[in-house]
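The values are calculated or read from the model by the stated rules, or taken from the named source; none is laboratory data. Remember, it's a predicted structure, so these values are computed and weren't measured experimentally. Every residue, glycine among them, receives a Cβ derived from its backbone with ideal geometry; neighbour counts consider all protein chains shown. The accessibility values were calculated without ligands, DNA or RNA, using every heavy atom of the protein model including side chains. Shrake-Rupley method; radii C 1.70, N 1.55, O 1.52, S 1.80 Å.
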Amino acid sequence: MKIGYRRMAKGLASLAILAIGAAFCFSALFPWLSKGVLPTTVLLLTTVITLLVCRTVSAEPSTQYKLADIENARENVKQYEWARDIVDEWKASTASVMAKSRSEIDELIPDLTPGTHYGQNCPHCVGKQSLMGNGQFDWDAERPDEIACASCEMVFPNKEYPETGVLECPKLGQRFTYYETKEELENPEKRNEHALKWLGDQPTMTSFTGHIRDRKVDWARSQCLTLAKLYAITEEPAYAERVVWILDRFASVYPNYLYHSYDGSVADLDPAKVAENMGKIEAEGGSRGGRFPKETVRHAYGLHQFENHSELFNGFWGAGRMSVHGKGSDAGPIFYLAVAYDLIRDAEDGSGNRILDGDAEQRILEDLILAGCRDMEHWVSLSNKGTAVYGLSATVGILRNEPERVHRAWELFQRMLAERYHHDGFYSESPGYSAHNFSNVREAADLLHGYSDPEGYEPEDGRRFENVDMYTGGRFNLSLQSLMRQLAPGRMMPVIGDTLVNAHADILSAEVLACRAGGDFVDLLEIVQDAPLSEKGSEYALWYRPPNLTPTGSAELPLNSEWFPGWHVGVLRGGRAKDNALYLNGNEHNWTVQTGHRQQDILSMCYWAYGKEMATDRGYFSGSGQLLPDGRGGQVWTKSSLSHNLVVVDEEEQATRESGSNLELFGIAPGVEVMQASGHNAYPQCEEYRRTLVIVNAPGGASYVVDLFRVKGGKIHQYNFHSDGIPGGHESLGLQPAEVSETWGKWLERPQSILPEGTTTLTWDNEGVNLELTLMNEADRVILADAPGWRLGTPEELAKPPVRQVLVEYRAEEGAPLATQFASLIAPYEAEASPIRSARMLVNDTESGVVALEVKLEGRTDYIISTKDQEVREYGPVSAGGEFALVSVDAEGKAIQGYLIKGTTLKCGELEIALPAANTTVKVASTEGKTWVLDEELDEHEELIGNYAIVGNGPVTGFQIESATGKSVSVRDYPALPCDSIEILRSEWVGE
Ligand SMILES: [Zn+2]
């Protein structure tokens, strides 16, 4: 195969090694000086030699796309249509830039600092067709000096909306113009009030010209990398030539680009100093936005001025020279430009002359790539945006033969895994943000994978890198798997925490596992992408998927009924395994790791059946405080305890400091699955806050859910439930107009109430799948009201009809403590009628904590028993001693199945389960990988396989046992948690 990249620069690499080698030889000659202090002369000599040779060490691409990756891509292009489509798409998307001359490109990339697209508004349609702070605009390289509103198509700049305002940066001599509303111009003393607003309600500079510069810079940056990739694949010099033009132009304007924020602030100071200041102040625990003299940070409406200083709003998180948010602000763009440089640095024109001349290369490296990298390395952050810096450090480290930078990237990557991921690989924020953080940090993993330190390099901590493996085993591998293990039916992300509704499985994580780790992951990729490898591939596949990669044909998606031991979320997939999923969101807040993007939803429930979302978590409205047209914050509702399927206590939000859940029961049997957890500090006024969720299989392939929720403490208990479906026949229940408190009244409309007698049954139609909710409690009242139907902050979504929200309410009597045991049945069905014929409470005793239900199905009666002890009690025909039991009796009264967990006895007629103990506790001597080595002999170990081992003192969690011997217990899928002892839950199922 013909490869255009020559290997001419090896000589330079040897020189660099010589330089470092010389330094070490020198220090060897003066051993008394080698303990950390080299003589100044040696340092100087080393520096001089290193500077001479540290331009680049090799002419062949060595960062994101190495020579082998390029060869791989070319082979994929040869063999596969999907690969050719990617390259064709690149060609089509660069047609416009290929038609431009160098001077046109120079003109397009502005001298003046770009503005922002974030939180901008269209003055023509804001409040009508677009939401305040969420204007969406189109920009086209063919008409680069205008933007058009995506909602009303109005084009800007526009005489009707002139940019009359001016923001001056006198020290560095830049000025920015912006639009002012008519009201603002007429009431100059109240201009902040009348200005268009950013996210929330702060006034912002609406600058069409700034927005256009931002789009131009973003476009040129993105074209630059695409052109470089095209050069790598095709070796056509014309592509490399444009890359050089763009890089050189950026190198000349970047030094003058000022730090500016997504809220329109600009720092009127040398940008390198701004970066240093922000990094320093944030590292000291101060503001993200640094600490600058007053008026150094300029804002069109005078924001961010404090008594003695000014701050650049939101620091690196929301400010940059080139880009203000997204992929690590400037980290992403500079990284892409560095990779583009790497791909073309040795390109030659048709006559064999190098396209990139020495002066231009010097500018690109010093004024753009290094300057940007130095700035961004001031931001030492494990946040889901800050992680984008690691890839930049690694790239520059490799390009410049500066292994310290590569080590820095690796160390921060490891810290991120330890501090921002749970021990089971789940990200500490949300499913949506797990995919987001991965998208920001994934290049760092690619860069580090296979990396070896240069010969002779001796890192300070003595840890040399040789062929680093980032993907086999370990927490990063688990994190990629977690994005599959958690999936809801239809390969959708479960809507938990700040996760957008209708988010599909993250195909990239599956692709990376398939390409890098192979084996069964190859099969999983085919399932997740829903197409054979030969027919579909992402850009990642183009570079990294071996052309001959083939699935084994046997693996399936790892969708199990399980408790995720670090994330503290449980999922039952019983009933129709392929399209059912019932999640118990145990959750936590700042208990074991730093958590963000979680919601006040400890012990909330969400449920999919027959492939449809039946009981919903509302999802993620917006991460930026965006307001509804009426001024309420949409995210306030979607994250609130009040909008989740859980028990709200005293009409308050759950706590968000050091709170979470402890796992108590987890059991899986052929006809029934159960999980139980209790809240820790969720409502500090409650001594008990415990939920038990059960899926019971019913005849004819149906199933139903039993939901028990025990609450003790507080004065008001409201069991909260809602479904997105259309309510059916609720009007026939004798609804009366009702009042709700101001807290609820802020979000619920048309409240009506029922005074229940016996059970109350409500139904919904979810696009052809019915849902029946049977409330077993004779509560003080049941409220039905309209709750917001929207789940996202878009005008179309806001137009959706409301959903029906149910509150089952108990209020404490004067002076008496309140204890409630809620019980409900949730039955989905596609058939004519619900699988449940009738149901009643047999026992509901808050004193002992016993709840027992009788559920009548077609030809079968189920007895469901939940207690907090092992005392033997009678329930109809059943005698049970244990914390959870189920017995099914046929029409003739014969027991046909029985299940017992954490108990010793269950009897019904001839059916009998007798266990020697409710659980088995054994001491642990040591923990190695997935195995606990025991300190005492484990009896009957074979019977314990498949059961859950409960561990930890808080959070208490659990692992499913995969294998056991008399001396050890090994768990499935995750590293076992080190502990002193484990409690193995005993359980047994008998049935036909
Ligand atoms: Zn508009």
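Things to note:
- Charge dipole (the range 919-991, unit charges on Cβ, about Cα centre) - positive-most of G991, V922, G952: G952
- Rounded FRET efficiency, nearest 0.05, which uses the C-beta distance separating A283 from R837 and R0 of 45 Å: 0.10
- Paramagnetic reach from E658 in the range 561-602 [backbone N under 12 Å; point 7 Å along Cα→Cβ]: 590-592
- Taking all protein chains into account, the per residue accessible area for the chain stands at 38 Å² (1.4 Å probe).
- Principal-axis tilt of helix 208-234 within the chain, Cα atoms, nearest 10 degrees: 80 degrees
- Per-q log10 I(q)/I(0), the chain, q = 0.07 Å⁻¹ (Debye; single scatterer per alpha-carbon; no solvent): -0.70
- Protection-proxy order for peptides 182-190, 195-203, each taking the mean of Cβ atoms within 10 Å per residue, highest first: 195-203, 182-190
- Full-stretch length increase - Q685, E366 - with 0.36 nm per residue and alpha-carbon distance subtracted: 108.9 nm
- For a straight C-alpha distance cut-off of 29 angstrom, the lysines reachable from K907 (same-chain residues fewer than eight places away being disregarded) are K856, K868, K894.
- Computed from the Cβ-Cβ distance with R0 of 25 Å, the FRET efficiency linking K930 to K578 stands at 0.35.
- Length available on full extension from T743 to S439: 0.36 nm per residue minus the Cα-Cα distance, which gives 105.6 nm.
- Take the Cα of E295, step 7 Å toward its Cβ, do the same at T846, and the gap between the two points is 6.5 nm.
- Angle between the chain longest axis and helix 81-93 axis [Cα atoms, degrees, rounded to 10]: 50 degrees
- Between the Cα long axis of helix 10-29 and the first principal axis of the chain there is an angle of about 80°, rounded to the nearest 10.
- Legend: residue pairs K612/K639; K327/K612; K128/K182; K159/K327; K327/K536; K216/K327, Cα-Cα distance threshold 29 Å; pairs beyond threshold, K327/K612; K159/K327.
- Rough spin-label spacing in nm, given labels placed 7 Å along Cα→Cβ, for E276 and T794: 4.6 nm
- Full extension of the chain segment joining E767 with R632 gains 45.6 nm, where the gain is 0.36 nm per residue of separation less the Cα-Cα distance.
- All other residues whose Cβ lies under 12 angstrom from that of V706 are scored, Lys and Arg at +1 and Asp and Glu at -1, for a net of -3.
- Centre separation in Å (Cα based) which lies between the range 83-118 and the range 165-213: 29 Å
- Once you reduce the range 378-408 and the range 685-724 to the center of their Cα atoms, the two points are 47 Å from each other.
- Of the accessible area of the chain, computed with a 1.4 Å probe over protein heavy atoms only, carbon and sulfur atoms account for 49 percent.
- Inter-part distance, the range 316-348 to the range 764-814, computed on C-alpha centroids, equals 47 Å.
- Once both labels are positioned 7 Å from their Cα atoms along Cα-to-Cβ, the gap between N502 and A238 label points is 4.0 nm.
- Förster radius 30 Å - calculated FRET efficiency between T552 and A92, Cβ distance, rounded to 0.05: 0.25
- For the chain: relative contact order, % (alpha-carbon pairs under 8 angstrom, 6 or more apart): 7 percent
- Working note: Karplus 6.51/-1.76/1.60 with θ = phi - 60° gives the range 455-471 the couplings 4, x, 6, 10, x, 4, 7, x, 8, 7, 9, 10, 6, 4, 10, 9, 10 Hz, where Gly and Pro are set to x.
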